[in-house]
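The values are calculated or read from the model by the stated rules, or taken from the named source; none is laboratory data. Only a predicted model underlies this, so the values are computations on that prediction, with no experimental measurement involved. In this analysis, Cβ positions are derived from the backbone assuming ideal geometry, glycine residues included, and neighbour counts consider all displayed protein chains.
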Amino acid sequence: MKLCLAVISLLLCCSLIVAERECPLICPANYAPVCGEANVRGKKLRCEFPNSCAMDSSACRDNIDWRSSSCHNLSPQCSKLM
């Protein structure tokens, strides 16, 4: 019985860890634009996102380390990341 409880507890802990790693699929529809800059394959990208959730989602989904930046000189490749 104790072994069964230990196995169930371990499975629950593992599933919680995996659940935390999932990227957000749905972001609120509020429009509060933020801009981010990142180096992708040796090129500097500067993109505008509708809100910080969208930027965080892109960072997670595309494994890109976005940093806050100004919204000048946006990159044309950004549409592929939205």
Out of the residues in region 44-66 that are in contact with a helix residue (DSSP H, G or I) (Cβ under 8 Å, 6 or more places away or on another chain) and farther than 14 Å from residue 79 by Cα, state the one that is surrounded by the fewest Cβ atoms within 10 Å (Cβ to Cβ). 65
Picked from region 1-38 (must be at pLDDT 95 or above and outside any loop (DSSP other than H, G, I, E, B)), the residue surrounded by the most Cβ atoms within 10 Å (Cβ to Cβ) is 36
